[in-house]
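Inspection log for the structure reproduced underneath, given as structure tokens.
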Amino acid sequence: MEKCLLCGQHTNNLFNYCHIFGLGNKLLCEKCLILLERVNNGCVKCGKKTKDIICSDCLYWRNYNLTKLFEIVNYSLFYYNDFGKEILRRIKFSGDLKLIYAFKNEIRLFIKKYRFKDITLVPVPIHNERLEERGFNQSLYIAKLFNLPILDVLVKVNNEKQSKKIKAMRMEFNNLFDIKPGVNIENKRVMIVDDIYTTGSTVHQIGRLLYEKKVKEILSFTLFRS
Ligand SMILES: [Zn+2]
Ligand SMILES: [Zn+2]
């Protein structure tokens, strides 16, 4: 009997979403899929819930002197609601790595929908100290679900706890990341992969590094958009 990866319920007798799409891979039960709120009709550049075409965060980055020279389009699958918070908490703080696999089908559908070609994935790193505590970088594992080339070329050089900072401060650059030396990503179409998009500070800091390395295009993917 197959069990839902998120809640442990048997999925056999439940009307199954994956079945409709003919994927035949029952990873989530219907109850859990309903609790996940799909990103829809949000900001065209980042998915944020807004009535505007482009949200205030994106306008900020568009005018900020360190980021106005390049554009990043972000794709997120779900809004960061209470259920999303619970999932990320279990992955990151309880080390429940298998929960990431619950998104495999969603990610495959996403790639099919947008027909991405020649994309190289760049996972957002976590600091080495954090990596030792947790044992894995969740963004790398999310990237592995795509079946696309991955370049794990970034390092986190500063261990500041972003989540504890106020939003206004997170809209500034803190030099949190660097690119490993000797990496050539010139002319590549790059997609930054992370678990959550909050203000866009992380992807724009990384975007700046990628821009300086002369990549052709910068995209971003996260499971959640807060
Ligand atoms: Zn479930
Ligand atoms: Zn936006």
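With both partners inside the chain, how many of the DSSP beta bridges are antiparallel, as a percent to the nearest 5?
If we restrict to bridges inside the chain, about 20 percent are antiparallel.
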Cα Rg, Dmax (largest Cα-Cα span) when computed across region 40-225, Å: 15.6, 43
How much length is gained on full extension from residue 132 to residue 40, taking 0.36 nm per residue of separation minus their Cα-Cα distance? 29.5 nm
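Mind checking region 186-226 for GluC sites (Glu not before Pro) that DSSP puts in a loop (not H, G, I, E or B) and that have at most 11 other Cβ atoms within 10 Å? Could you put the intermediate results ahead of the total?
Working: sites: 186, 212, 217; in loops: 186.
Hits after loop and neighbour filter: 186.
Between residue 30 and residue 90, what is the FRET efficiency for a Förster distance of 25 Å, r being their Cβ-Cβ separation, to the nearest 0.05?
Details: r = 20 Å, r/R0 = 0.79.
Efficiency, from the Cβ-Cβ distance: 0.80.
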Tell me the net charge near residue 74. Cut-off is 14 Å between Cβ atoms, residue 74 excluded, with +1 for each Lys or Arg and -1 for each Asp or Glu. 0
With each label point set 7 Å from Cα along the Cα-Cβ vector, what nm distance links residue 116 and residue 73? 1.2
Going by C-beta contacts inside 10 Å, put 203, 122, 183 in order with the fewest on the left. 183, 203, 122
Mean-square fluctuation check for the chain, GNM, Cα pairs under 10 Å: which of 30, 71, 129 is largest? 129
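Multiply the residue separation of residue 50 and residue 2 by 0.36 nm, subtract the distance between their alpha-carbon atoms, and state the gained length in nm to one decimal. Could you put the intermediate results ahead of the total?
On the way: separation 48, 0.36 × 48 = 17.28 nm, distance 3.81 nm.
Between residue 50 and residue 2, full extension yields an extra 13.5 nm.
Read-outs: derived from the displayed coordinates by stated rules, not from any lab. Since this is a predicted model, take the numbers as computed values, not measurements. All Cβ positions, glycine included, derive from the backbone under ideal geometry; neighbour counts span all protein chains shown.
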